[in-house]
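Written below as structure tokens is the structure these notes are about.
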């Protein structure tokens, strides 16, 4: 049960729009703006960060959004279980290794992890994109867990995914419920 009266992220954002409107803009830009990564890949990264941070709400939400974007449903679980054997493109392995390090041991991130991403064919903009998605979801995981939000049911997750993928994050998170 949520710790406060807000039952979901939309209610939190609508409760204090002056605080959260800049965050909705950031979410939209990071997750749907220009990037070296597809929207589905960014959703997978967001869900991966959330899984590593044990944030069930964000993990479930972003897995549903990724699946709605035609990402294989079992892919995230495979990446979380064993990155070395997960059925992903080889050039994505160092991306998820960097995300893993930034999420669980950020102060121990080294040039080696960054160089591995570059050697896999990504550029510096891609690394900035990785850092942005990882940082954003570390923040979102703490926000959601701090409020004690619970994972929505499957029907709610599907509706959320369709809304985000057709209207965008900013439109969904700024929606007026009146």
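Computed over the range 9-72, relative contact order equals 25 percent, with contacts defined as Cα pairs under 8 Å that lie 6+ residues apart. The slack in the chain from residue 18 to residue 109, taken as 0.36 nm per residue of separation less the alpha-carbon distance, amounts to 29.4 nm. By its C-alpha gyration tensor, with a ≥ b ≥ c as the square roots of the eigenvalues, how is the range 17-78 shaped: rounded for a/c under 1.5, else prolate for a/b larger than b/c, else oblate? Since a/c reaches 1.5 but b/c is at least a/b, the shape of the range 17-78 is classed as oblate.
Helix 39-52 versus the longest principal axis of the chain: what angle, 0 to 90°, nearest 10, using Cα atoms? Once rounded, the angle reads 90 degrees.
Please arrange 11, 34, 124 by counting, for each residue, the other beta carbons lying within 10 Å of its beta carbon, fewest first. Can you show the working numbers first?
Working: 11 15, 34 7, 124 11.
Ascending number of Cβ neighbours within 10 Å: 34, 124, 11.
Once the gyration tensor of the Cα atoms in the range 38-167 is diagonalised, the equivalent ellipsoid follows with semi-axes of 24, 17, 13 Å, ordered largest first.
Expressed as a rounded percentage, what relative contact order does the chain have, with Cα pairs under 8 Å and six or more residues apart?
Numbers: 216 pairs, mean separation 67.8, N = 178.
It comes to 38 percent, rounded to a whole number.
Sorted fewest first by neighbouring Cβ atoms within 10 angstrom, 43, 113 come out as 113, 43. Between residue 70 and residue 38, the simple spin-label model (points 7 angstrom out along Cα→Cβ) gives 0.7 nm.
By how many degrees, between 0 and 90 and to the nearest 10, does the Cα long axis of helix 124-147 differ from the longest principal axis of the chain? In the chain, helix 124-147 runs at an angle near 40 degrees to the longest axis. Extension gain, residue 91 to residue 171: 0.36 nm times the residue separation minus the Cα-Cα distance gives 25.5 nm.
Here the Kirkwood formula, the inverse mean of 1/r across different C-alpha pairs, assigns the range 1-109 a hydrodynamic radius of 15.2 Å. When only Cα pairs below 8 angstrom with a gap of at least 6 residues are kept, the range 74-117 shows a relative contact order of 30 percent.
Placing a label point 7 Å from the Cα of residue 1 along the Cα-to-Cβ direction, the residues of the range 134-156 with a backbone N closer than 16 Å are 147-151.
Angle of helix 154-167 to the longest C-alpha principal axis of the chain, folded into 0 to 90 degrees and rounded to 10: 80°.
Read the figures in this text as sums done on the coordinates, not as results from a lab. Note that the structure is a prediction, hence the values are computed from the model and not measured. Cβ sites come from the backbone with ideal geometry, for glycine too, and all protein chains shown count toward neighbours.
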